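The values are calculated or read from the model by the stated rules, or taken from the named source; none is laboratory data. Just so it is clear, the structure is predicted and the values come from calculations on it, not from any experiment. Positions of Cβ are generated from backbone atoms using ideal geometry, with glycine treated the same way; all protein chains shown enter the neighbour counts. Accessible surface areas use protein heavy atoms only, side chains included; no ligands, DNA or RNA. Shrake-Rupley method; radii C 1.70, N 1.55, O 1.52, S 1.80 Å.
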Amino acid sequence: MEKFQLSLLFKIIGIGSASGLVYLDDKLYIISDSSSYLYEYQLSDAKLNKIALVDNPQENIAKKDKPDLEAIALKGKNLYLFGSGSTESRNRLFKYKPKSGQVIAKDSTDLYSKIKREYTIADDELNIEGVILNGESLYIFQRGNGKIGKNGIIYAYDSAETAKFEFIPFDLPKIRNVATTFTDAILIGETIYFLATAEDTTSTYLDGEVLGSSIGSIDLKTMKLIDWIQITNKHKFEGLTLFKKSATEIEFLLCEDNDTEKLESNIYKLVTRQKG
């Protein structure tokens, strides 16, 4: 990535604390870390639809009770929504089938507990911020913004609870002397594109001063960092999805967690020009 252009594309009223998004069939599917809805936004007519994930869904849920949905991944035509795992109330997994509108809920406590045991991650240090589902492979992006700073990719060939995991640590470049840590990731071809943010905190629970965000790329086969570029010094970008791609440019859509109770979310377009 040699050059980039970041611009505010539009604002959506009715969604707060956006934490992930997927572009599919001219719609944006957006999650919020303080809501028990999945949001469906039709780009052609700017219409917002709220999809209840639980009985009696809520918005602006109190921090100690919120499901903290931080990762949304596409597999086939179905969407998978993951809680961060940073507290007991954040261990839920939802599968949404856009074609039928069916929502399937699952408790991921066993899966998350296994990850914590195998890699000595304390209960309050697990912080899942991105997931890639690629065939039978599962890539979980652990944001290492806690005290031990365990930032990396947790890889499994089979997404079942019996899967064998591998932890691949990543020490990402710093912004103002604070390490950036994963906030989302997607797969395009054989390349992982990720977002990472520098936040002046050592807690997965408490927010800190945002120092900037970056986008980078990782080779899927070697799991080595290819490229990295800082794209802002003030925004906390937590959602990344592919919008358009050409031989020389990739257009992404990004969402920002504003860490407020205001029910509005800005959607940004990021255009990157490829080296060649």
- prompt: Quick one: if the Förster radius is 30 Å, what FRET efficiency do residue 51 and residue 177 give, using the C-beta to C-beta distance and rounding to 0.05?
  reply: 0.15
- line: Filtered hits (aspartates and glutamates, Cα-Cα < 12 Å from residue 262, offset >= 8 within chain) -> 59
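Per residue Cα convex hull volume for the range 1-79, in cubic angstrom? Display every interim value, and only then the final one.
Working: hull volume 10.8 nm³, N = 79.
For the range 1-79, the hull spanned by Cα atoms encloses 136 Å³ per residue.
Which residues make up the longest stretch of the chain that has no trypsin sites (Lys or Arg not before Pro) in a DSSP loop with at most 16 other Cβ atoms within 10 Å? Working shown, then result.
On the way: sites that count: 63, 64, 77, 99, 147, 164, 176, 221, 224, 234, 262, 275.
Maximal segment without exposed cleavage sites: 1-62.
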query: What does a probe at residue 42 reach in the range 67-103, counting residues whose amide N is under 15 Å from the point 7 Å along Cα→Cβ?
result: 99
statement: With Rh as the Kirkwood radius over Cα pairs, the chain has Rg/Rh of 0.93
Dipole of the chain [Lys/Arg +1, Asp/Glu -1 at C-beta], most positive-end residue of 241, 211, 12: 241
- request: Binning at 10 Å from 0, report for the range 79-211 what percent of all alpha-carbon pair distances ends up in each bin.
  value: 12, 43, 34, 10, 1
Estimated translational D of the range 122-276 in µm²/s (Stokes, Kirkwood radius over Cα pairs; 10 °C; 1.306 mPa s): 99 µm²/s
message: From the convex hull of the Cα coordinates of the range 58-153, what is the mean projected area in square nanometres?
response: 6.6 nm²
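Compute the convex hull volume of the Cα atoms of the range 233-276, divide it by the residue count, and report the result per residue in Å³ as a whole number.
Working: hull volume 3.2 nm³, N = 44.
So the per-residue hull volume is 73 Å³.
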query: If ligands, DNA and RNA are left out, what is the accessible area of residue 120 with a 1.4 Å probe, given in Å² to the nearest 10?
result: 110 Å²
- prompt: How many angstrom lie between the C-alpha centres of the range 108-149 and the range 178-193?
  reply: 15 Å
